[in-house]
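Trainee: Sharing a structure below in structure tokens format, with a few things to ask.
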Amino acid sequence: MPALLSFLNTTKYPASLSFLLMTLGPTIALIPLLDRARGRVANWSLGLLYLVWGSAIVMLYFPCRWYADLKARRSDLGGWLKYF
């Protein structure tokens, strides 16, 4: 089993070929499907797109701010939290 999952052992900096294939591959594979999308979602206006983008920024600001404050207050974060 470990040999089967060895492709997950990638390096982000500098980006390895495996990392690029894992991150860009699914996106590139979805482009033809999204290009054929029809209906209300596919007809977004630019204003609506900016509204969705701004809403996402506002919604993500608060958890990110909380986590940044948590990291600043606590230097003993163990486990997976210290990697972010």
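Trainee: May I ask you to compute the full-extension gain from Ser45 to Ser18, defined as 0.36 nm times their residue separation minus their alpha-carbon distance, rounded to one decimal in nm? Could the numbers behind the result be given before it?
Mentor: Details: separation 27, 0.36 × 27 = 9.72 nm, distance 3.60 nm.
This chain segment gains 6.1 nm when fully extended.
Trainee: Mind listing P(r) for segment 1-43? All alpha-carbon pairs, 10 Å bins, whole percents.
Mentor: 24, 32, 24, 17, 3
Trainee: Would you please give the FRET efficiency between Thr27 and Arg74, computed as 1/(1 + (r/R0)^6) with r the Cβ-Cβ distance and R0 = 41 Å, to the nearest 0.05? If you can, show how the numbers build up before the last one.
Mentor: Values: r = 35 Å, r/R0 = 0.86.
Step by step, r from the Cβ atoms, then E = 0.70.
Trainee: Assuming 0.36 nm per residue, please report the length gained on full extension of the stretch Thr11 to Asp35 beyond their Cα-Cα distance. Write down the numbers at each step before the final one.
Mentor: On the way: separation 24, 0.36 × 24 = 8.64 nm, distance 3.12 nm.
Roughly 5.5 nm would be gained on extension.
Trainee: With θ taken as phi - 60° and the coefficients 6.51, -1.76 and 1.60, list the Karplus ³J(HN,Hα) couplings across segment 15-27 in order, rounded to whole Hz; mark glycine and proline as x.
Mentor: Values per residue, Gly and Pro as x: 5, 7, 4, 4, 4, 5, 5, 6, 8, 8, x, x, 5 Hz.
Rule-based calculations on the coordinates, nothing more; no lab input. No experiment lies behind these values; they were computed from the predicted model shown. Here Cβ is always computed from backbone atoms with ideal geometry, including for glycine, and neighbour counts include all displayed protein chains.
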